[in-house]
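J.: Sharing a structure here in structure tokens format.
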Amino acid sequence: MEQQRYYGRDLICTQDWERDELEEILRLARKMKEHRYSPKYTELLLHRTFLMFFYNPSVRTRQSFEAAATELGGHAQFLEPGSMRLKSSNTAGETIEDAAKVMSRYAVGIGIRILEDRIAKYGDGDEFLREYASWANIPVLNMADDKFHPFQGLADVMGMRENISEDMRGKTLLQYWGHGALARSWCSVQESLLINSRMGMNIVLAYPDGYDLDPDVIALTKKNCQNNGGSFSISHDPLECYRGADVVYSRNWMSPRAYDNGFDKQKEIKQALTHPEWICDHEKMRHTNNAYFIHPMPVDRKHEVTDEVASGERSLIYDIAENRLHIQKAVMALTMSTEW
Amino acid sequence: MEQQRYYGRDLICTQDWERDELEEILRLARKMKEHRYSPKYTELLLHRTFLMFFYNPSVRTRQSFEAAATELGGHAQFLEPGSMRLKSSNTAGETIEDAAKVMSRYAVGIGIRILEDRIAKYGDGDEFLREYASWANIPVLNMADDKFHPFQGLADVMGMRENISEDMRGKTLLQYWGHGALARSWCSVQESLLINSRMGMNIVLAYPDGYDLDPDVIALTKKNCQNNGGSFSISHDPLECYRGADVVYSRNWMSPRAYDNGFDKQKEIKQALTHPEWICDHEKMRHTNNAYFIHPMPVDRKHEVTDEVASGERSLIYDIAENRLHIQKAVMALTMSTEW
Amino acid sequence: MEQQRYYGRDLICTQDWERDELEEILRLARKMKEHRYSPKYTELLLHRTFLMFFYNPSVRTRQSFEAAATELGGHAQFLEPGSMRLKSSNTAGETIEDAAKVMSRYAVGIGIRILEDRIAKYGDGDEFLREYASWANIPVLNMADDKFHPFQGLADVMGMRENISEDMRGKTLLQYWGHGALARSWCSVQESLLINSRMGMNIVLAYPDGYDLDPDVIALTKKNCQNNGGSFSISHDPLECYRGADVVYSRNWMSPRAYDNGFDKQKEIKQALTHPEWICDHEKMRHTNNAYFIHPMPVDRKHEVTDEVASGERSLIYDIAENRLHIQKAVMALTMSTEW
């Protein structure tokens, strides 16, 4: 392994990394899962600090990143900027430059999570991470922003390879809008489109009118499909889209109007609940190619998917959740460790 | 030691464990106290994660559990569900099943603290823990719920054995209601009744009219006394009850009416303060068998007990507080470690 | 090194320690910076707990103390008393005696940060720390109180020695009031006056009328200057004071009237902003002896100092921020480790 190729790198979106680099992450994550507490891995970040900034709360992301640091011998600090004195657009405080430069003296890496309700418009969260990364001398990892969620995307791929096939080329992923009560971010869904299209899957993107995603991401996804031998299509039919699917990923996302007059979560939820036919259930799954079910969790059961499917024997949700840990350990080790 | 007997076990109430199993905990805790940072113990949870959920804030419990994980080589994550997205009875969110199953992939154990002001009615907190435990594949430890507080009970026993006698059979414990300004949970007191009655102590339970505890716990305590050679009595006289006591445990608890129209702490406090004669003081202690004073802390000085007694030479409060750490280390090691 | 001289000591203000003891801290910090993750240092607090109480939030202090514990092999618990049950002057709760005595059983040291908005009058924060220290059997470290900030003062000295001269005797420090939007504590500035006067520097203290500091600290600073061969003067001219300075430390502080009717931060800020001429800029720096710029951060750019100076090549702000970590590791190792 050419470790110097990875040392010091940021990971903000999988699209920023080469295909073979993503393969290296997946390979190492698999080994780390197999030998979880092996001394080969438990000293890679020994006594080192990883700083986690949660502008938005989180369950799995916090637990899995903090556990990842622990399992690599290091320590993750849990920081919530609400109780800190960082500068915002309209309050006095510290610049990102000053904050990032000092953190680079204390730590070996920074993770940041910032979603739609903490920003003024779509794209600001991702830009905030990229500004942080431009000033920091240590890797900045995206723990989910308003556009991308690279560790979720990699965990999805790892879970499908383990359970379905080592080679997902030619298989069809249905990326499906589930109605729901949580008005979710675009990040997991867009990351899935980008990474799975690069892995050679056929992509069917299905959602009701009015729920278009970022056109730049869609354009990139199409290009990825072309470059990697997959097909891409969009459907607005909640049932027809299931035909031929090998994997169904049913997940709510908010509409592009959500930011129009400031992020109004309740309005989004109300609107989403007018589409009860958009649910992944056993009846629809019967039209697939005996598909597996995936989801980044937390699952909004009875809206995005029925209990029967989510807890069914072809559901991969817990394996994928576990893979978050291993993928994160692999990336932290590759980008932050000097102990190889 | 038959380690496989303990691996994977939950500890929600000491009554759920056999007597000889409790003895094993106490024996190991004693050794861990004697050899606190010995390599025999500092690698038992090396690089492992323990998840602590504090639905209610805590001083000693948080400090001692987090230190316990550190001293065993692991790391405890401090999680406050107020800043997390778990499902509650009237909000969308994740099911306990999903949360518990994913945590079982990241961690080697889960601690939960949930008290009366976070639940609708008495018993709900304990039931919540038991539901968590039913889904989790890793041990669930009760860091205090509305009914029980097993680690406090074990620390009490350990402290009495160290300072009074290795064999507490036949000695008398006065479990005394102190008036106070904090409207305390029943958990410590009920755990004390259950565990000390199993240890063969005579139990005198004393409180003013209107402060009955859980009748199921009282019935179990009586049965424990019968089975282990101790006596059990209830007194409503704030002074007479002291006669013959070897240990006085003066602690406030709220009335069974506290839940009637939603938990109203201020009303409880106001009511409790109408009983100023219910205080453990030097004068009353003179009627005992030169008794020791115990308390789970924090002590509400001048209400539950006078400074003279709480800081007196027969007060065991700091030793018992310290023992929380050692007991918790012992249980975590027994139930979570694969490194024996 | 006579380690027993340091073991168990508190550090609340550098003035409480002997000169040669401060030199020992600085010497060890330098070695720890040079050999940051050397096994010589990473086991000094192995598996030990350091408790951090943040009555006020913090960026650098929290990150650097938590990283310091990690790099010494231990673990720092992040505690915010807002979510805890400690006694305050007008609420029931635990006494400092009880809290400190129990913590002494769990941990090897306690850090406390408490600033002006959490206390009733100037001096109360420092007194609170000293009361804690009187009850605790383990070291109490001042992570910034209303009067002093010893780790900042030591980091300043270390940064100047590294970048300017190993011997700062005879060089001139301009301690300058910068106008600003943050109404800052006196702690960093007063600690700087006390420690740099002991190091033999000439001190010029400059501020507009109405911004006098603690007269006791000023008297001590004068005496330190006399005892160590330096001069001391006060200026109220925002420009003239720069003449001859070797180091400029421009930092806002609040007025002594800030506590008059309860701490009113907004009123202080409004008042400070009426002095826009009090800013450290390139033009003023031209009158110095080619001075270096120092600041404890966070920098209030465009108020305390211009970007040109703060980010200029003679700015030492990032080095000094990094030194906080090394100084803290050195003091924690000296006062808390039994592993030498």
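J.: Using a 10 Å Cβ count of at most 15 others and DSSP loop calls, identify the longest part of chain B lacking such GluC sites (Glu not before Pro). Kindly include the intermediate steps, with their values, before the conclusion.
T.: Working: sites that count: B:E2, B:E18, B:E43, B:E166, B:E277, B:E313, B:E339.
The answer is B:44-165.
J.: Follow-up. Which one of B:I320, B:I203, B:I234 has the biggest mean-square fluctuation once chain B is modelled by GNM with Cα springs under 10 Å?
T.: Judging by the Gaussian network model, the answer is B:I234.
J.: Can you list the HN-Hα couplings for segment A:111-116, worked out from phi with the Karplus curve (6.51, -1.76, 1.60; θ = phi - 60°), rounded to whole Hz and with x for Gly and Pro?
T.: Result, ordered by residue: x, 9, 10, 8, 10, 4 Hz.
J.: For peptide B:99-108, how many partner chain Cβ atoms fall within 10 Å of a residue's Cβ, on average? Before the final figure, lay out each step's value.
T.: Numbers: counts 5, 0, 6, 13, 5, 2, 12, 12, 4, 1.
Taking the mean over all residues of the peptide, I get 6.
J.: Among A:V299, A:M199, A:Q266, which residue has its Cα furthest toward the positive end of the charge dipole of segment A:153-318, with +1 on Lys/Arg Cβ and -1 on Asp/Glu Cβ?
T.: My answer, from the dipole projection, is A:M199.
J.: Quick check: Cα centre of segment C:170-206 to Cα centre of segment A:102-141, how many Å?
T.: The distance from the Cα centre of segment C:170-206 to that of segment A:102-141 comes to 34 Å.
J.: Would you give the gap between the C-alpha center of segment A:269-340 and the C-alpha center of segment B:244-258, rounded to a whole Å?
T.: Between the Cα centres of segment A:269-340 and segment B:244-258 lies a distance of 50 Å.
J.: List the relative contact order of segment B:210-293 as a percent without decimals, with contacts defined as Cα pairs under 8 Å and 6+ residues apart.
T.: 41 percent
J.: I've got another one for you. Rounded to the nearest 10 degrees, what's the angle between the helix C:150-163 long axis and the longest principal axis of chain C, both from Cα atoms, 0 to 90?
T.: 60 degrees
J.: Amide H to amide H, which residues 5 or more places from B:S235 or on other chains are under 5 Å from it, using H placed in the peptide plane?
T.: Here the answer is B:L205, B:A206, B:Y207, since their amide H atoms fall under 5 Å of that of B:S235.
J.: How far is helix B:19-34 tilted, in degrees, relative to the longest principal axis of the Cα atoms in chain B, given as a value from 0 to 90 rounded to the nearest 10?
T.: Orientation of helix B:19-34: about 80 degrees from the principal axis.
J.: For Cα pairs less than 8 Å apart in space and 6+ apart in sequence, what is the mean separation divided by the residue count of segment C:152-316, i.e. the relative contact order in percent? It would help to have the intermediate numbers written out before the result.
T.: On the way: 316 pairs, mean separation 48.3, N = 165.
Value for segment C:152-316: 29 percent.
J.: Considering only lysines 8 or more places apart in sequence, or on different chains, count the pairs in segment B:163-316 whose C-alpha atoms sit under 30 Å apart.
T.: Taking segment B:163-316 as the scope, the lysine pair count is 14.
J.: Taking the Cα centre of chain A as the origin, how large is its charge dipole in debye, to the nearest 20, when only Lys and Arg (+1) and Asp and Glu (-1) carry charge on their Cβ atoms? Show your work: numbers first, answer last.
T.: On the way: 41 positive and 50 negative charges, 94 e Å.
In debye, rounded to 20, chain A gives about 460.
J.: Rounded to whole Hz and in sequence order, give me ³J(HN,Hα) for segment B:53-65 from the Karplus expression 6.51 cos²θ - 1.76 cosθ + 1.60, θ = phi - 60°, writing x for Gly and Pro.
T.: 9, 9, 5, 10, x, 7, 9, 4, 5, 5, 4, 6, 6
J.: Any chance you could check the Cα centroid distance between segment C:13-35 and segment C:40-77 for me, in angstrom?
T.: Value for the Cα centre distance between the two parts: 18 Å.
J.: Can you tell which of C:D281, C:D145, C:D20 shows the greatest fluctuation in a Gaussian network model of chain C with Cα springs below 10 Å?
T.: Result for chain C, Cα springs under 10 Å: C:D20 fluctuates most.
J.: Also, quick follow-up: Pull up all non-local amide H partners of B:G8: gap of 5 or more, or a different chain, and H-to-H distance under 5 Å with H placed in the peptide plane.
T.: HN-HN under 5 Å from B:G8: B:M336.
J.: Output ³J(HN,Hα) for segment C:209-220: one whole-Hz value per residue in order, computed from phi by the Karplus curve 6.51 cos²θ - 1.76 cosθ + 1.60 with θ = phi - 60°, and x for Gly and Pro.
T.: For segment C:209-220, the Karplus-derived couplings read 3, x, 10, 4, 8, 4, x, 5, 5, 5, 4, 5 Hz, x marking Gly and Pro.
J.: Considering the Cα positions of segment B:163-316, please state its Rg to one decimal place and its Dmax as a whole number of Å.
T.: Cα only, segment B:163-316: 14.7, 45 Å (Rg, Dmax).
J.: Now for a different question. Tell me the relative contact order for chain A as a rounded percent, counting alpha carbon contacts under 8 Å between residues six or more apart.
T.: Working: 676 pairs, mean separation 74.9, N = 340.
In percent, rounded to a whole number, it is 22.
J.: Something else about it: What are the residues whose amide H is under 5 Å from the amide H of C:S315, where those residues sit 5 or more places off or on another chain and H is modelled from the backbone?
T.: Sorted by chain and number, the residues that satisfy this are C:F293.
J.: Turning to a different aspect of this structure: Kindly express, to the nearest 10 degrees and within the range 0 to 90, the angle between helix A:317-336's C-alpha long axis and the longest C-alpha principal axis of chain A.
T.: Around 30 degrees separate the two axes.
J.: Enumerate by residue number the trypsin sites (Lys or Arg not before Pro) in segment A:205-252 meeting two conditions: DSSP loop (anything except H, G, I, E, B), and at most 15 other Cβ atoms within 10 Å of the site's Cβ. Walk me through the numbers on the way to the answer.
T.: Values: sites: A:K222, A:K223, A:R243, A:R251; in loops: A:R243.
Hits after loop and neighbour filter: A:R243.
J.: With unit charges on the beta carbons (Lys and Arg positive, Asp and Glu negative) and the dipole taken about the Cα centre of the protein assembly as shown, which residue among B:F128, B:F65, A:P276 sits farthest to the positive side?
T.: So the residue we want is B:F65.
J.: Moving on. What does the average come to when, for each residue of peptide B:64-70, you count the partner chain Cβ atoms lying within 10 Å of its Cβ? Kindly include the intermediate steps, with their values, before the conclusion.
T.: Values: counts 4, 0, 7, 11, 2, 4, 12.
Mean partner-chain Cβ count within 10 Å for B:64-70: 6.
J.: Further question: Would you mind getting the Kirkwood hydrodynamic radius of chain C from its Cα pairs, rounded to one decimal in Å? Mind dumping the intermediate values first?
T.: Numbers: mean 1/r = 0.0491 Å⁻¹.
Its Kirkwood hydrodynamic radius stands at 20.4 Å.
J.: Something else now. For n ≥ 4 DSSP H runs only, could you compute -39500 (n - 2.57) per run for chain C, divide by its residues and tell me the 222 nm figure to the nearest 500?
T.: On the way: 12 runs with 131 residues, N = 340.
That calculation yields -11500 deg cm²/dmol at 222 nm.
Read-outs throughout are calculated quantities, based only on the coordinates presented, and are distinct from any laboratory measurement. This structure is a prediction, so every number in the text was calculated from the model and none was measured. As a convention, Cβ positions derive from the backbone with ideal geometry for all residues, glycine included, and neighbour counts pool all protein chains shown.
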